[in-house]
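A short worksheet on the structure shown next.
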Amino acid sequence: MSAAVQVDARKVTTRRLLEMKQRGEKIAMLTAYDYSMAKLIDQAGMDIILVGDSASNTMAGNVTTLPITLDQMIYHGKSVARAVSRSLVVVDMPFGSYQGNSKEALASAIRIMKETHADAVKMEGGREIHESIERILCAGIPIMGHLGLTPQSINKFGTYAVRAREEAEARKLKEDAKMLQDLGCFGLVLEKIPAALAKEVTESLEIPVIGIGAGPHTDGQVLVMHDMLGITQNFSPRYLRRYADLQSTIIDACSHYVEDVKASDFPNDKEQY
Ligand code: KIV
């Protein structure tokens, strides 16, 4: 078994993330959607585990994140939170659970917090959803913002290409980032934007900024677990570093098992009662 990184064993809180930013300690964040993987990821010393709505893609095989429901996110969130003792657990609010009106948004966030026992929620968007953000924060629920490429708006963008290359969009992103901080969000994810813009936003904010495809200058990094473990097929964006090739490992192990069963080699004399 490989040794996990030495980390402070105390539970990660939003306050500790702020202290990490202040002392320049990078923040590691990864997605998880189930109990078994979340337990391993927590043991590895992850600071934040995101129960991302990317579960819609990785767990359910949908093309976008739009179809996943609040009940499904709650199921994944519950499974993850049950496994975790150290990482801060953040659950994505799914598409349709907060964009309608702020009352519905609050009801969705309360369900997530009550039923999953997670530590916080994440929401995509800026000024368009500020009323929902304010209302949820007023209820004492910590929020992580998400700007740049926001996959719940893929039908508006029409592409997964890099966002905010143009001056007007970059300006709006900077204003939204400041607004999210001023409203009281404890952190921010920046997805797929130019590294120079991510650096500017990170340096201008006091709250931790976590990047995905946003270069090296953010306060931390987040990846989708299935991508970095090499489980996902046919997905190789430039920003992705694969830390394992589980696709081959799993296919090899499973085909070896098939061979053994077909050859009546499994179970052997010792593998029975
Ligand atoms: O749903 C997700 O996995 C995310 C990350 C890409 C940040 O939002």
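The values are calculated or read from the model by the stated rules, or taken from the named source; none is laboratory data. None of these values were measured; they are calculated from a predicted model. Neighbour counts are summed over all protein chains in view; Cβ atoms, including those assigned to glycine, are modelled from backbone coordinates with ideal geometry. Please note that ligands, DNA and RNA were not included when accessible areas were found on the heavy atoms of the full protein model with its side chains. Shrake-Rupley method; radii C 1.70, N 1.55, O 1.52, S 1.80 Å.
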Self-check item: Globularity index of segment 163-258, i.e. its alpha-carbon radius of gyration over 2.2 N^0.38 Å
Solution: 1.40
Exercise. Could you compute the FRET efficiency for Y257 and V7, with r as their C-beta to C-beta distance and R0 at 35 Å, rounded to 0.05?
Key: 0.50
Quiz item: If one computes the Cα centroid of segment 1-62 and of segment 150-177, what distance in Å separates the two points?
Solution: 26
Quiz item: Quick one: accessible area per residue over the chain, 1.4 Å probe, rounded to a whole number of Å²?
Solution: 53
Quiz item: Charges only on Cβ, +1 for Lys and Arg, -1 for Asp and Glu: so what's the dipole of segment 14-242 about the Cα centre, in debye to the nearest 20?
Solution: 360
Quiz item: If you take the Cα Rg of segment 14-242 and divide it by 2.2 N^0.38 Å, with N the number of residues, what do you get?
Solution: 0.92
Self-check item: Built amide H within the under 5 Å cut-off of V189, gap 5+
Solution: G145, H146, L147, I210
Quiz item: Charges only on Cβ, +1 for Lys and Arg, -1 for Asp and Glu: so what's the dipole of segment 115-273 about the Cα centre, in debye to the nearest 20?
Solution: 580
Quiz prompt | Sum of -39500 (n - 2.57) over DSSP H runs of 4+, divided by residues of the chain (222 nm, nearest 500) | solution = -12000 deg cm²/dmol
Quiz item: Round to a whole number: what % of the accessible area of the chain belongs to carbon and sulfur, probe 1.4 Å?
Solution: 53
Practice problem: Mind checking the full-extension length gain between A44 and S236? Use 0.36 nm per residue of separation minus the Cα-Cα distance, one decimal, nm. | Solution: 66.7 nm
Exercise. Could you pull out every one of the lysines with an alpha carbon less than 26 Å from that of K174, ignoring same-chain neighbours closer than 8 positions?
Key: K21, K26, K122, K156, K192, K199
